[in-house]
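This report refers to the structure that appears directly beneath it.
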């Protein structure tokens, strides 16, 4: 069976799960590692016995089938476009870009060059997320009434002081929403359906070293009549379990951390537990589904089947985040969907 020649660009924290999934896969062979920081690139190259590079352009000159992008947010679009134009398939970490214009360019580039563009939203593959999606689509909950998504984590100032790109509008693209909460926002819109409009507020209430939001709340009006509530902050006192709940006229489905509890008509209770892996890589709240999504990406490239989380799907969570930023920067104005992001839109500084 043919195996894909793969390189991983970006050797920071999240790359651990990508390296692990790639070297464990029977569908791919790791050919190179790359990071702009020479020590990181060298360490990854030595660990996995592959050539290492500091310039992604040199990596793209290799005989590759696909690359993983695990670099700072603002570099995703540039690297993806360069790879796609070389005829290389791309799997990028979230967010796919920090503006909708860049996301659209990436999608168009993938189409023009007939290559796959995948975006990591691994939590869609969690058994708990799949169970919630299934019970909503089956109609067991009846007409949906409400939804709530809460992310309350802890990121002190020294978390940002150790980074040369986090906590900035031009490099990270924002704060708690685009970094910590975007996975939960993606699940919210994926499960409930199309968005009609949103109203939101954003602020920086506790951080001295950043000019992006450390707290955000939003009301999401869905096309099916559901009203969603979003609350996200990274100045809580610890990383509390993420909570997503969907409430219908016949019951509710709730995911807390990685487990789902589904109640229908007050008596039909099911609990779906996340499968645990002894060799899980990276931070616990990433879960273990990176490997599942990466295998699905490799399988699509090898077989030509449709990609479940492609550029269009990856764009949806980014659109929600960017619309919240726009509303929050404009007095909570109600923003209709699809969101027509103004050209060059950059949220205002929220420096304390």
Note to self: So, restricting to strands (runs of 3 or more DSSP E) that lie completely within segment 68-187, which ones have at least 1 residues that are in contact (Cβ under 8 Å) with a residue 60 or more places away in the chain, surrounded by 23 or more Cβ atoms within 10 Å (Cβ to Cβ) and within 13 Å of the chain's Cα centre (by Cα)?
What the structure shows: 89-92, 117-119
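For (1) more than 30 Å from residue 205 (Cβ to Cβ); (2) modelled with pLDDT under 95, each residue gets a yes or a no:
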{"residue": "216", "(1), (2)": "no, no"}
{"residue": "223", "(1), (2)": "yes, no"}
{"residue": "246", "(1), (2)": "no, no"}
{"residue": "258", "(1), (2)": "no, yes"}
{"residue": "275", "(1), (2)": "yes, yes"}
{"residue": "300", "(1), (2)": "yes, no"}
Checklist line | The one condition in (1) part of a loop (DSSP other than H, G, I, E, B); (2) over 22 Å from residue 138 (Cβ atoms); (3) in contact (Cβ under 8 Å) with a residue 60 or more places away in the chain; (4) out of contact with any helix residue (DSSP H, G or I) (no Cβ under 8 Å at 6 or more places or on another chain) that residue 208 fails to fulfil | finding: (4)
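Can you tell me how many residues in segment 309-335 are in contact (Cβ under 8 Å) with a residue 24 or more places away in the chain and either assigned to a loop (DSSP other than H, G, I, E, B) or loosely packed, with under 13 Cβ neighbours inside 10 Å (or both)?
4
The values are calculated or read from the model by the stated rules, or taken from the named source; none is laboratory data. Just so you know, these numbers come straight off a predicted model, no measurement behind them. Here the Cβ is made from the backbone with ideal geometry for all residues, glycine too, and neighbour counts use every protein chain on show.
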